[in-house]
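The values are calculated or read from the model by the stated rules, or taken from the named source; none is laboratory data. In this text the structure is predicted, and so the values were computed from the model without any measurement. All Cβ positions, even for glycine, are placed from backbone atoms using ideal geometry, and neighbour counts span all protein chains on display. These accessible areas exclude ligands, DNA and RNA; they are computed on the full protein's heavy atoms, side chains included. Shrake-Rupley method; radii C 1.70, N 1.55, O 1.52, S 1.80 Å.
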Amino acid sequence: DLYACAQPIGFGVGYYLTEKMMRNNPSMTIPITAVQTAVVGAVALAWMLGEGYVGGHLTDGSMYAPVFSDSKVAGSLLWTGIVTTALTRLGETKALSGISSSEASVLMTTEPIWAALWGSLLMGEVLGQSAYLGGGLIMAACAANIVDPVKAREVVLEVREVMQEATTTIYRQGTAMAQRLGSMRRDIDDE
C-alpha cells in the first residue's frame with residue numbers, strides 16, 4: 001500500500017522535473033530520456049536481484065531460465081523495456097517541452113481508460129459496469145481539473161437565463177394558443 005500511495009507523488013515529481021529540464025534544454029530530449037530510462041533499468045535490476053537473492057533463485061539459475069527457454073518471455077521483456085518504457089518516456093519527455101506538468105498529469109490520468117479500450121479492442125476483454133463507472137469518474141475528474149470555475153459559473157448562469165427566457169416564451173405562446181383555441185371553441189358553440 002505504501003508503494004501505491006507513493007506512486008502518484010513520484011510520477012508528479014518526475015513530470016515536474018522533466019518539464020523544468022525540457023524548458024531549460026528543449027533540444028535535450030534524447031539525453032534526458034536516456035538518463036530516465038537508465039535509472040528505471042538500474043532500479044528494476046537492483047529490485048530483481050534483491051528478490052532473486054532473498055528467494056534463492058539467483059544462485060540456482062531458475063530466475064533466468066524462463067527468459068532463455070521461452071522466446072515469448074524474452075520478447076515480452078524486450079517489448080516492455082523498449083516500447084512501453086523507453087519509447088513512451090521519449091514521447092512523454094518531448095511532450096513536456098510544450099505543456100505543463102500539471103496538464104501532463106491530467107492526460108496521464110486517462111491511461112487506464114486507454115488500456116481498457118485497447119484491451120477490449122485487441123484482446124476481446126469484456127468491460128463491466130465498474131469499468132465504465134471508473135472511466136466516467138476519471139473523465140469527470142479530468143474535466144473538473146481543466147474547467148475554470150469562474151467561467152463555468154458564468155456559463156451556468158447564462159444557460160439558466162436562456163432557459164428562463166425560453167420557458168417564459170413557451171408559456172406565453174401556450175397561453176396565447178389556449179386563448180385562441182378557447183375563442184374558436186366559443187365561436188363553434190355559438191353557431
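Residues in region 11-25: is at least one more than 25 Å from the chain's Cα centre (by Cα) and exposed (fewer than 15 other Cβ atoms within 10 Å of the Cβ)? Yes.
Name the single residue that is farthest from the chain's Cα centre (by Cα) among those in region 104-124 being closer than 23 Å to Ala34 by Cα and not hydroxyl-bearing (Ser, Thr, Tyr).
From region 104-124, those closer than 23 Å to Ala34 by Cα are 104-105, 107-108, 111; that's our starting set.
Imposing the further condition that a residue be not hydroxyl-bearing (Ser, Thr, Tyr) reduces the set to 104, 107-108, 111.
Working: Ala104: 9, Leu107: 5, Met108: 5, Glu111: 4 Å.
If we take residues in region 104-124 being closer than 23 Å to Ala34 by Cα and not hydroxyl-bearing (Ser, Thr, Tyr), then Ala104 is farthest from the chain's Cα centre (by Cα).
The residues of region 85-103 that are open to solvent by 70 Å² or more (accessible area, probe 1.4 Å) and modelled with pLDDT of 85 or more, listed by number, are Leu87, Lys94. Looking across region 115-132, the residues that are surrounded by fewer than 11 Cβ atoms within 10 Å (Cβ to Cβ) and either basic (Lys, Arg) or in a helix (DSSP H, G or I) (or both) come down to Leu121, Leu122, Met123, Gln129, Ser130. The residues in region 105-129 that are closer than 14 Å to Tyr16 by Cβ and touching an Asp or Glu at 6+ places or on another chain (Cβ under 7 Å) can be counted, and the count is 0.
Please work out which residue is farthest from Gly81 (Cα to Cα), limiting yourself to region 49-71 and to residues that are of a type outside the set (S, T, N, Q) and not in a helix (DSSP H, G or I).
Just the residues of region 49-71 that are of a type outside the set (S, T, N, Q), to begin with: 49-58, 60-61, 63-68, 70.
So of that shortlist, the ones also not in a helix (DSSP H, G or I) come out as 56, 61, 63-64, 70.
Values: Gly56: 25, Gly61: 22, Met63: 18, Tyr64: 16, Asp70: 17 Å.
The qualifying residue farthest from Gly81 (Cα to Cα) is Gly56.
Taking the criterion of being farther than 22 Å from Met22 by Cα and of a type in the set (Lys, Arg), the only residue of region 54-93 that qualifies is Lys72.
If you scan region 21-48, which residues turn out to be within 17 Å of Ser101 (Cβ to Cβ), assigned to a helix (DSSP H, G or I) and without any contact (Cβ under 8 Å) to a residue 40 or more places away in the chain? I'd like the intermediate steps shown before the answer.
The first filter runs over region 21-48 and keeps only residues within 17 Å of Ser101 (Cβ to Cβ), leaving 21-26, 28-29, 32-33, 36.
Pick out the ones that are also assigned to a helix (DSSP H, G or I) and you get 21-24, 29, 32-33, 36.
Correct list: Met21, Asn24.
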